[in-house]
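To keep things clear, I will list the structure first and then write my remarks on it.
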Amino acid sequence: MVKRSQNDARKPNAMKALNKMNKMKTKKMRKIDFTTSVITSSGASPRLENAVLIIGLPGIGLVSKMAVDHLTRYTHARRFARLYSPHFPNQVLALKSGKLRAFTMRFYEKRLKKRDVVFLRGDLQPLTVEGQYEVTAKILSFARSLGVTRVIAMAGYAVQRNPVNSSEKPNVYCAATSESLHGEFKRVGAKPTTGVVPIVGMAGLVPAIARVYGIEGACLLVETPGTMIDPHGAKELVEFLGKWLGEKFDTHDLEKRAKRAEKMFRKMEEQAQSAQAQPAKTGAPAAPELIKREALTYIR
């Protein structure tokens with residue numbers, strides 16, 4: 001009779017454990033279906049109570065994106081999830097560091113003095129109307145599962161304002177799905193919109209549809225001259241949210257960016273005046289190109 005060694009006895013058990021692990025991995029992978037938007041975890045799920053979701057996506061003046069990017073850095077918020085979508089462009093970014101990066105939206109969480117906050121940062125908005133609705137539904141469904149009860153989106157409101165003159169304090173307007181939430185923002189300085197104002201994109205879509213998910217929604221609109229970047233508008237949004245949340249947020253970084261933007265616009269004005277005086281002279285980049293370059297140095 002041949003005696004089995006302890007190693008031989010362990011082999012069937014080891015194989016069973018390995019097969020079970022492979023089955024679990026395969027089962028987990030099958031849940032990811034990129035025919036629709038997918039949210040993946042990048043950390044422990046937060047335990048939130050009566051949380052507010054604050055959204056910052058690219059739009060007019062990049063005011064919303066800059067504001068939320070600043071808040072996540074300043075509060076040291078923790079990233080815990082990413083949203084991938086087939087409604088984003090079919091391209092990725094090869095970064096200088098050597099990393100390969102897909103376009104995503106990212107969820108962050110932070111416990112502030114008075115309440116839990118979830119920040120949503122994004123590289124872009126979906127390219128189609130259908131895509132914006134699908135991604136909006138995915139965001140709101142996920143937010144509800146986290147315990148979010150309010151969602152705040154922000155956007156720029158294009159007005160005739162001199163981008164060089166920082167002494168002009170931009171107004172913040174508010175539209176909300178409930179009178180109580182609208183009243184809260186009015187008490188900290190928000191103005192009602194004058195007449196009907198169309199809000200294109202997810203800045204209006206997410207808070208408007210939030211009520212379907214049992215969540216209150218509001219959209220904050222800050223006046224902006226409509227330039228490619230407007231740090232003044234972003235700074236105003238950060239300070240306004242601080243008043244509403246009962247927090248004091250440092251906006252020093254945004255102030256430095258605003259000064260750089262003013263310098264850039266002054267240079268554009270000088271170039272425009274020079275071009276008018278000497279229409280035949282070429283070589284200086286056009287104003288839109290200057291704005292584009294500055295914007296690209298920000299989007300990352």
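A short reminder: the numbers here are calculations on the coordinates, not readings from a lab. Just so you know, these numbers come straight off a predicted model, no measurement behind them. Cβ sites come from the backbone with ideal geometry, for glycine too, and all protein chains shown count toward neighbours.
Computed quantities for the displayed model
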quantity	calculated
Flagged links, alpha-carbon separation over 25 Å, of 65/113; 191/267; 191/263; 65/243; 138/186	191/267; 191/263; 138/186
Estimated inter-spin distance, residue 252 and residue 90, nm [label 7 Å along Cα→Cβ]	4.7
Size of electric dipole in region 38-253: Cβ of Lys, Arg +1 and of Asp, Glu -1, about Cα centre, debye, nearest 20	660
Cα-based shape type of region 38-253, given that a ≥ b ≥ c are square roots of the gyration tensor eigenvalues and the cut on a/c is 1.5	rounded
Spin-label pair residue 188/residue 130, simplified geometry with 7 Å Cα→Cβ offset, distance in nm	3.9
Three-way shape call for region 141-253 based on the alpha-carbon gyration tensor, with the a/c threshold at 1.5	prolate
Under-5 Å amide H pairs with residue 151, H placed in peptide plane, nonlocal only	53, 216, 217, 218
Order of 152, 215 under a 10 Å beta carbon neighbour criterion, fewest first	215, 152
